[in-house]
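The values are calculated or read from the model by the stated rules, or taken from the named source; none is laboratory data. Computed from a predicted model, the values in this text were never measured in an experiment. Note that we place each Cβ from the backbone using ideal geometry, even for glycine, and neighbour counts take in every protein chain shown.
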Amino acid sequence: MKIIEVITHREHTNTVESIGEKYGAVDQWHVGPLNNEHRAVIRLLVDDNHRQAVMDALLNTIGRHESTRIMVVPVDVTLPTIEPETNENEKTKSGGATREELYHTISKGAELNSNFLLLVFLSTIVAAIGLLENNLAVVVGAMVIAPLLGPNIALALAAALGDTPLMWTSLKTNLAGLGLALAISLVIGLLLPVDMKSQELISRTVVGIDSVVLALASGAAAVLSMTTGLSSVLVGVMVAVALLPPTATVGLMLGSGQFTLAGGAALLLAVNIVCVNLAAKTVFLTRGIKPRTWLEKRKAKQSMTTYIVFWIVSLLVLLVAIYLRGQL
């Protein structure tokens, strides 16, 4: 349940009220005029199943007017308690966060800035130390930071919405994060002795079908937790499908001259990246996350087809590589 607050010209007040009534707003009320301008504030209390429909209707009718601003405000509790409808045919597939809310949240993870690079730097050091010392708790700490998960999920959302700028931003951020993590771990591998008896380190050089299934399930869970608003699930997902430990393992093994083991870690990293992106895109598709206008939908459909085919082919190639590696 959230409040959609609409600030618009007073002549659009009836339009906003009609949208609220038509698309199932639980309640609506006027806050009053805004300062001395010819604008008014209307608030709509909308549940998760109707919020996307209300947002789309508002954007299609008054969204382009300069005097209009639409905000989504969270609601912790409302009394008396509103019972959910049981027989409802017009529920949206998303039933949680709207397209706009998802974009606002997920696109932040694709920003290439000093904070992102610092998180990658620190988490790589934490992961490398944990791997070298065979310390599971330290490795899990690096997993929870999980800066590399954001750009990959943002890449899947960009494909779902046909958003080319976000797609390129996500790719750039992803490559920068992976490159920085690999460089730092490589330097650590050159400077510090690498203990080949470390179970945490060696386990990141082994990849099998179970690794593929785990990455697919974790990637799907990550996006599902976002679209349904269950953000607390993300911590477990970050641990399950962390990308930094295998990246750090690649660098450490290269730095110590263990090229065969580095190849295994690189294969595991590739499997995780491919599976996270494929699973994330599939969940966005099944949850009905798509653009608002027909032109954007056509672009997104082309993007979606290319995206899914690319990741499926990549996964098949990796499965072949896993099989061949197992025969050696």
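So the values come out like this:
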item	result
Residue that is nearest to residue 307 (Cα to Cα), among those in the range 105-128 that are without any contact (Cβ under 8 Å) to a residue 24 or more places away in the chain and hydrophobic (A, V, I, L, M, F, W, C)	118
Flag if residue 220 is in a helix (DSSP H, G or I) and more than 17 Å from residue 247 (Cα to Cα)	yes
Residue list for the range 226-272, restricted to those being farther than 25 Å from residue 314 by Cα, at pLDDT below 90 and surrounded by fewer than 19 Cβ atoms within 10 Å (Cβ to Cβ)	228, 229, 230, 231, 232, 233, 234, 235, 236
The range 151-177, subset among the β-branched types (Val, Ile, Thr) and crowded, with 24+ Cβ neighbours inside 10 Å, residue nearest to residue 255 (Cα to Cα)	173
Residue under evaluation residue 142, criteria (1) buried (at least 21 other Cβ atoms within 10 Å of the Cβ); (2) free of Cβ contacts under 8 Å to residues at least 60 places away in the same chain, criterion not met	(2)
Any hit, the range 178-196, residues being surrounded by fewer than 24 Cβ atoms within 10 Å (Cβ to Cβ), over 17 Å from residue 254 (Cβ atoms) and in the same structural domain as residue 316 (by TED's automatic domain parsing)	no
Residue tally, condition within 30 Å of residue 286 (Cβ to Cβ) and among the small types (Gly, Ala, Ser), over the range 152-205	8
Yes/no for residue 46 being outside the structural domain of residue 105 (by TED's automatic domain parsing) and farther than 20 Å from residue 288 by Cβ	no
Residue match in the range 133-143 (condition: under 19 Å from the mean Cα position of the chain (by Cα) and modelled with pLDDT under 85)	yes
Sole residue being part of a loop (DSSP other than H, G, I, E, B) and in contact (Cβ under 8 Å) with a residue 40 or more places away in the chain, chosen from 273, 289	289
Meets criteria (crowded, with 20+ Cβ neighbours inside 10 Å, at pLDDT 75 or above and assigned to a helix (DSSP H, G or I)) for residue 280	yes
